[in-house]
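Undergrad: Sharing a structure here in structure tokens format.
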Amino acid sequence: VGVAGCLAVRWWRAAVLLVAGTGVAVGVTKVLKPLVGRTIYEANLAYPSGHTAFLTAFAVVVALLVAGRVGFGKTAGTSVVLAAGLLAGTAMGWAQVALGAHYPTDTLGGMCTAFAVVPATAWLVDRVAEARRRDPGGVKRGGGRRV
């Protein structure tokens, strides 16, 4: 729904960030789980929580978009983004612990993963978008077409 809304109003970069920010956060948790090797119920890899990472990342991206659109300053914008991520991560973390699917530290790890990954992903999306804007035709400086 978020991506469709962004596409409907032609916020291309926002749509990409919604997909990339949440996808990379969940992807990083998938890579980290076997490396850490922490299990719950002896068989299920638990650390960090992918569900918590997803919802935290989604909330952080939405808050970044809102803060940018509304024009909050640095301090207010940062506060809104942190509050949204903490609120969403805490809600999902609580649900995962209440269901018995994760230990509390698993959900904290998922939240921290999202807080680390989303800003880096946003930076990368911005760099790629700016590079494309400077070279919209995909033409190299030498005149050849980029593949």
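Values quoted throughout were computed directly from the atomic coordinates according to the rules given, and no laboratory measurement underlies them. Keep in mind it's a predicted model, so treat the numbers as computed, not measured.
Undergrad: Helix 104-134: angle to the longest alpha-carbon principal axis of the chain, degrees 0 to 90, nearest 10?
TA: Orientation of helix 104-134: about 0 degrees from the principal axis.
Undergrad: While we're on this one: Can you tell me the relative contact order of the chain? Whole percent, Cα pairs under 8 Å, sequence separation 6 or more.
TA: Dividing the mean separation by the residue count of the chain yields 28 percent.
Undergrad: Using 0.36 nm per residue of separation minus the Cα-Cα distance, give me the extension gain between L86 and T39 in nm, one decimal.
TA: Extra length from L86 to T39 when fully extended: 14.5 nm.
Undergrad: Dividing the convex hull volume of the Cα atoms of the chain by its residue count, what figure in Å³ per residue is obtained?
TA: 140 Å³
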